[in-house]
Amino acid sequence: MKRFYKIVSIENVDSEWKILLDGKIVRTPMRSELTIPTEKLAAAIQTEWQDQNDMILPDTMPITQMMMTIIDRIRPNREKFLNEALGYLDTDLICYFADEPEIYAAEQKKHWLPILNWLRDFLKCEILTTNALAALTQAQPTHKVISDYISNLDELKFSVLYLTTLTTGSVLLPIAFIENAFTENEIFDATLAEDLIKDKIYLAETYGISPDQERRRKIVKNELSGSRQFLDLCL
């Protein structure tokens, strides 16, 4: 879309912030007003709109896109997305360890055990793990604790948790991410632990990685980076 505005401003209305393009309020794709809960978040979105050149490129506006997704998709469907996120618990990525090859098992333990131990301490609940292929079922009290934790998140953190769950294949990693208990890079390494170990096995430094692997890593890196920036602006 061609840039159609000259001036980007922000306005406080009833303790919420709005973005205005030449005095007109920005709306989401579903035609809701783009209302923003914090001034820092509004200022970041304002900058994204100001930085557009002749063409508006949505991919260069991650904070705007996140806020629009929250308003249009997540806000009206929170219960549905809560249940979807909880559906990851029994098949959570970091609960399934390999027995062999040993190099896989060692890499999983290196990246997953510190996070699991932190989660058990933080949530005050048992989190089962397995080396078997069969799916495990977490205890009902564990389901309740995690359900209660997610239910009590504010809208912005809930949205980051849900979207990060889709990115990582884990509902547990996003909890550690939201609580800032582990760095963005540590969550990245935990998400792609098995994929990254293949670099050593198949001499990726010499032969390179496949386009699919490169694409997946870029997606995870960008999603985590954008989510961390978004969370920092919500404070």
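Every read-out reported here was derived from the displayed coordinates using simple, explicitly stated rules and does not represent laboratory data. Because the structure is predicted, anything quoted here is derived from the model rather than measured. Note that we place each Cβ from the backbone using ideal geometry, even for glycine, and neighbour counts take in every protein chain shown.
Below, the figures for the structure above:
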quantity	calculated
DSSP loop chymotrypsin sites (Phe, Trp or Tyr not before Pro) with at most 16 other Cβ within 10 Å: longest gap in the chain	98-201
³J(HN,Hα) computed for each position of the range 7-18 - Karplus, 6.51 cos²θ - 1.76 cosθ + 1.60, integer Hz, glycine/proline x	10, 10, 9, 10, 9, 8, 9, 6, 6, 10, 10, 10
Sum of side-chain charges, PRO174 neighbourhood, beta-carbon under 14 Å (Lys, Arg +1; Asp, Glu -1)	-4
Cross-link table LYS198/LYS218; LYS24/LYS221; LYS2/LYS221; LYS124/LYS157; LYS109/LYS198; LYS80/LYS110, entries beyond 25 Å C-alpha to C-alpha	LYS24/LYS221; LYS2/LYS221; LYS80/LYS110
Ranked ASP54, ASP212, ASP189, ASP232, criterion: other C-beta atoms within 10 Å, fewest first	ASP54, ASP212, ASP232, ASP189
Among THR38, GLN50, TRP17 - extreme Cα towards positive end, dipole of the range 16-101, charges at beta-carbon	TRP17
Along principal axes, Cα extents of the range 8-60, largest first, whole Å	33, 24, 20
Helix-only mean residue ellipticity at 222 nm for the chain, each DSSP H run of n ≥ 4 adding -39500 (n - 2.57), per residue, nearest 500	-17000 deg cm²/dmol
Cβ charges +1 (Lys, Arg) and -1 (Asp, Glu), total dipole of the chain, debye	620 debye
Selection from PHE4, PRO211, ALA98, by position along the positive dipole direction of the chain (Cβ)	PHE4
Percentage relative contact order, the chain, counting C-alpha pairs under 8 Å, at least six apart	18 percent
Charge dipole magnitude, Cβ of K and R +1, D and E -1 - the range 8-60, Cα centre, debye nearest 20	160 debye
Descending Cα extents along the principal axes, the chain, whole Å	61, 48, 25
Axial C-alpha extent at least 18 Å, average Kyte-Doolittle at least -1.0 - helices from the chain (DSSP)	102-123, 155-168
